[in-house]
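Since the structure comes first, as structure tokens, the remarks are kept for the end.
FYI, it's all coordinate maths here, none of it is from the lab. Note that the coordinates shown come from a computational prediction; the quantities given were computed from them, not determined experimentally. Quick reminder, even Gly has a Cβ in these numbers, built from the backbone with ideal geometry, and neighbours come from all protein chains shown.
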Amino acid sequence: MKKLLLILLGCLSLNVHAVHPTQGPLQQHPALCNYGYNPNCNQRNGSTNNETMIIHTTVNVPSKYGALAVNRKTGITGGSLNANSKAEAIRNALRTCEKGGSNAPCKIVTWVRNGCIAGAQGKLGSKWKKFYAARGRGQVESTVMKQCKASGASNCEIAIPEGCSIP
């Protein structure tokens, strides 16, 4: 009986084999990089390959210009937005304001590079006074209104709504 039991145990032990701990499903786990081969690890120095590559790209966006011209005698204005140069913006604003010479002379009151232009007017005594500014998007109308009120003018209102030259 002892011999039979020994033979049975011997047959069962033939199917038993040792498993290396760095092989099998756990070998994929990044925490086991220092133990054997792991395809998720950089095998040089046993470190993980969780490094992020940062690529810097320079995008050259050309500036856009705007200008505002006014005839101080008549109060007629002309403007230009999204011009490729300051000179082009000024030239277009003057041409728009002067309307082929019938409203000359006009003068540039403000210009902007990659920003916005607006104008306000208010009554100062018996005359209307105008205010112009160039600032960032969403800031210029409040700026001209502050200028108008700070001057002591009454009935301040936006005369030229915000126009932007932003690439």
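Points worth noting:
- Two-site FRET efficiency, residue 53 against residue 114, from Cβ-Cβ distance with R₀ of 25 Å, rounded to 0.05: 0.20
- Remark: the range 108-114, residue by residue, has Karplus-estimated 3J(HN,Hα) of 6, 9, 6, 9, 8, 10, 6 Hz, where x stands for each Gly or Pro and the curve is 6.51 cos²θ - 1.76 cosθ + 1.60 at θ = phi - 60°.
- Cα-based shape type of the range 65-165, given that a ≥ b ≥ c are square roots of the gyration tensor eigenvalues and the cut on a/c is 1.5: oblate
- Candidates per trypsin sites (Lys or Arg not before Pro) in the range 80-167, loop by DSSP, up to 16 other Cβ within 10 Å: 137
- Cross-link partners of residue 149 among aspartates and glutamates (Cα-Cα below 17 Å; sequence separation of 8 or more within a chain): 141, 157
- For the range 131-167, applying the loop criterion from DSSP together with a ceiling of 11 other beta carbons within 10 Å to the GluC sites (Glu not before Pro) yields no site.
- Selection of chymotrypsin sites (Phe, Trp or Tyr not before Pro), the range 64-167, meeting DSSP coil and at most 15 other Cβ within 10 Å: none
- FRET efficiency, residue 60 to residue 91 (Cβ-Cβ, R0 30 Å, nearest 0.05): 0.80
- Across 64/86; 64/130; 73/130; 86/146; 86/107, pairs whose alpha-carbon gap is larger than 20 Å: 64/130; 86/146
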